[in-house]
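Here is the structure we will look at.
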Amino acid sequence: MNGQHPAFEPLFSSAEMRAVEEAYPGYPDSMCELMQRAGTAVAEVALRRFPDAKSFSVVCGGGSNGGDGLVAAEALRLAEREVRVIQAKSGERDLGSPDVIVDALFGTGFSGTPRDGAAALIEQMNSLEVPIVSVDIASGVDASTGEIAGPAVNATVTVTFYARKIGHVVAPGRFRRGELEIADIGLAGGETVCRLGRPGLLSLLPRRDESGNKFRSGSVLVVGGSPGLSGAVCMVGEAAFRADAGYVTVVVPRSVLPPVELNLIEAVKRAAPEGENGQLTSEALSLVAELEPRAHALALGPGIGRSQGTQAFVRELLERTTLPAVVDADALFELEPRKWASPVVLTPHSGELARLLGKDSAWVNEHRLAAARECANRFAAVTLLKGADTIVASPSGEVLVCEEGTPVLATAGSGDVLTGVIAAFLAKGLEPALAAAAAAVAHGRAAQLIEPQVGVVAGDVARSEEH
């Protein structure tokens, strides 16, 4: 797209895409012209991707997506391929035995659950176990949310037009798209509230200058730890350093100090009063307040535990701290909405977010975008929902999605590394949503650089070169 910032890529909803089409010169008469270009692009991709395919079945719905499919079918015939067109509206169900299926059943305007006839066609397409080329988006996926309420096509390739849609990137829809190709059909412009965070986000980070010092490079205060969970604060502290923080101070319960001293060499360590279970309580607030003036960001929660005394400590600290804070792990447990003294970034996985919203994790996994937005609005905090499609939602309603992750990040301690990176970026002065999104990109990129992509532990990610 012309003028696109290298740090961001717009992700369009159905309504935003419709506005772009309506702004095209000559609309609505020009829709035939756009349909011709779209259908031709689909056929070109199908022929390039599957050059040995001799027969195609094109499943067409009744809307403009079906019209794209009819154009694609004609282009495939002109390329001397055998083509069978299945018109869903007429009740046709016989797909034959094609080498490739073109899915033009639903387009970006679809939402909800497919009706019985369409659902049967989707299930039949999937059951043939041949490559499927979806037009614009896999049928059954909501383009505006990525949600799937019923049967959905398992696309091998999706050919979309002008730009990516939210449903191409946000789960569970992202797992139905296959490989994605974007075809230019002459559209331009458009505004979105959801954007993809790209590696260019890292260029927004302030760099050290010759006149700087360790404090001006970003000072992070890490608060957490409890017996048996000392590694979490060590991971956060190391990741903050690796993400270019110049100074890290770690506050842990007194009994946890010895292993932290041994495993986190560069950080300053301070022992705090602890409760009977070895976890932090409100008695530690005065020590944290003493350390805050020399810090620029707070990382709260790694390994902190879930006792009632600890929950009170977390609540009171967030009500009074003057530092932008990233809140993770057990600090999220039983957290309730309140007036924060400073900007807050919450970093839940789906189970933690489900507890914050009083729902179950299955609902969160099925409605990831809605869940992240609800949390951001309810808690008045930037919310980073972890996953292959890490979602960063702001209370303003704006959303950044980051898809740099890799399956190797599904390992113990990976979230602690991410917390440390976010804290370092906050300490460098990056606005909370940008700090969270940039950290997600850096976290994923760092993991991608590790070879081989097996047996990876969180410490490998913290020490990877991308940070």
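The values are calculated or read from the model by the stated rules, or taken from the named source; none is laboratory data. Not measured: the values here are computed from a predicted model. All Cβ positions, glycine included, derive from the backbone under ideal geometry; neighbour counts span all protein chains shown. Side chains are part of the model used for accessible areas, which takes the heavy atoms of the whole protein and leaves out ligands, DNA and RNA. Shrake-Rupley method; radii C 1.70, N 1.55, O 1.52, S 1.80 Å.
Some points to look at:
- Single unsatisfied condition, ARG18 versus (1) within 19 Å of ILE137 (Cβ to Cβ); (2) in contact with a Gly (Cβ under 9 Å, 6 or more places away or on another chain); (3) part of a loop (DSSP other than H, G, I, E, B); (4) open to solvent by 50 Å² or more (accessible area, probe 1.4 Å): (3)
- Inspection of segment 318-329 identifies no residue that is without any contact (Cβ under 8 Å) to a residue 12 or more places away in the chain, surrounded by fewer than 22 Cβ atoms within 10 Å (Cβ to Cβ) and in a helix (DSSP H, G or I).
- Search result, residues across segment 174-229 that are within 30 Å of ALA412 (Cβ to Cβ) and of a type in the set (Val, Ile, Thr): VAL220, VAL222, VAL223
- Residue within segment 286-305 that is surrounded by fewer than 23 Cβ atoms within 10 Å (Cβ to Cβ), in contact with a helix residue (DSSP H, G or I) (Cβ under 7 Å, 6 or more places away or on another chain) and in a helix (DSSP H, G or I) present: no
- Filter result for LEU426 (in contact (Cβ under 8 Å) with a residue 12 or more places away in the chain and closer than 27 Å to PRO172 by Cβ): no
- Of all residue pairs spaced 6 or more apart or on separate chains, those with beta-carbon atoms under 8 Å, a first member in segment 393-420 that is under 22 Å from PHE241 (Cβ atoms) and a second member that is of a type in the set (Lys, Arg) and open to solvent by 20 Å² or more (accessible area, probe 1.4 Å) are GLU404/ARG445; GLY415/LYS386; LEU418/LYS386; GLY420/ARG242.
- Whether a residue is among the charged types (D, E, K, R), in a helix (DSSP H, G or I) and more than 17 Å from the chain's Cα centre (by Cα) was assessed, and ARG373 does not pass this test.
- Selection of segment 21-51 for residues being open to solvent by 30 Å² or more (accessible area, probe 1.4 Å), of a type outside the set (A, V, I, L, M, F, W, C) and over 22 Å from VAL153 (Cβ atoms) yields GLU21, GLU22, TYR24, PRO25, GLY26, TYR27, PRO28, ASP29, GLU33, GLN36, ARG37, PRO51.
- Residues in segment 260-285 that are open to solvent by 20 Å² or more (accessible area, probe 1.4 Å) and under 34 Å from the mean Cα position of the chain (by Cα): ASN263, ILE265, GLU266, VAL268, LYS269, GLN279, THR281.
- Qualifying residue in segment 331-339 (condition: buried (at least 24 other Cβ atoms within 10 Å of the Cβ), closer than 30 Å to ALA267 by Cα and touching a helix residue (DSSP H, G or I) at 6+ places or on another chain (Cβ under 8 Å)): yes
- Condition check for GLY351 on (1) within 26 Å of PHE175 (Cβ to Cβ); (2) open to solvent by less than 10 Å² (accessible area, probe 1.4 Å); (3) in contact with a helix residue (DSSP H, G or I) (Cβ under 6 Å, 6 or more places away or on another chain); (4) outside any loop (DSSP other than H, G, I, E, B): one failure, at (2).
- When each of GLU92, GLU44, GLU82 is tested for being in contact with a helix residue (DSSP H, G or I) (Cβ under 9 Å, 6 or more places away or on another chain) and modelled with pLDDT under 95, the lone residue that passes is GLU92.
- Some residue of segment 94-103 being open to solvent by 40 Å² or more (accessible area, probe 1.4 Å), part of a strand (DSSP E or B) and over 30 Å from SER203 (Cα atoms): no
Table: residues versus (1) hydroxyl-bearing (Ser, Thr, Tyr); (2) within 22 Å of GLU21 (Cβ to Cβ); (3) open to solvent by less than 40 Å² (accessible area, probe 1.4 Å); (4) touching a strand residue (DSSP E or B) at 6+ places or on another chain (Cβ under 6 Å).
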{"residue": "GLY107", "(1), (2), (3), (4)": "no, yes, yes, no"}
{"residue": "PRO114", "(1), (2), (3), (4)": "no, no, yes, no"}
{"residue": "GLY117", "(1), (2), (3), (4)": "no, no, yes, no"}
{"residue": "GLU129", "(1), (2), (3), (4)": "no, no, no, no"}
{"residue": "ILE132", "(1), (2), (3), (4)": "no, no, yes, yes"}
{"residue": "ASP136", "(1), (2), (3), (4)": "no, yes, yes, yes"}
{"residue": "ASP142", "(1), (2), (3), (4)": "no, yes, yes, no"}
{"residue": "PRO151", "(1), (2), (3), (4)": "no, no, yes, no"}
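- Scanning segment 367-402 for residues that are in contact with a Pro (Cβ under 8 Å, 6 or more places away or on another chain) and surrounded by fewer than 17 Cβ atoms within 10 Å (Cβ to Cβ) yields ASN377, ARG378, ALA380.
Okay, residues lined up against (1) out of contact with any strand residue (DSSP E or B) (no Cβ under 8 Å at 6 or more places or on another chain); (2) among the aromatic types (Phe, Trp, Tyr); (3) outside any loop (DSSP other than H, G, I, E, B):
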| site | (1), (2), (3) |
| --- | --- |
| GLU181 | no, no, yes |
| GLY190 | no, no, no |
| ARG207 | yes, no, no |
| PHE215 | no, yes, no |
| GLY231 | yes, no, yes |
| GLU238 | yes, no, yes |
| PHE241 | no, yes, yes |
| VAL251 | no, no, yes |
| PRO259 | yes, no, yes |
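- Here the condition is being out of contact with any strand residue (DSSP E or B) (no Cβ under 8 Å at 6 or more places or on another chain) and not aromatic (Phe, Trp, Tyr); of LEU430, LEU385, it holds for LEU430 alone.
- Scanning segment 432-459 for residues that are of a type outside the set (A, V, I, L, M, F, W, C) and either in a helix (DSSP H, G or I) or modelled with pLDDT of 95 or more (or both) yields PRO432, HIS443, GLY444, ARG445, GLN448, GLY459.
- Selection from segment 403-414 of residues that are in a loop (DSSP other than H, G, I, E, B) and surrounded by 16 or more Cβ atoms within 10 Å (Cβ to Cβ): GLU403, GLU404, GLY405, THR406, THR411, GLY413
- Contact map, segment 246-257: residues that are farther than 19 Å from GLU292 by Cβ paired with residues that are surrounded by 22 or more Cβ atoms within 10 Å (Cβ to Cβ) and not polar (S, T, N, Q), Cβ distance under 6 Å, separation 6+ or inter-chain. Pairs shown: ARG254/GLU274; VAL256/GLY225.
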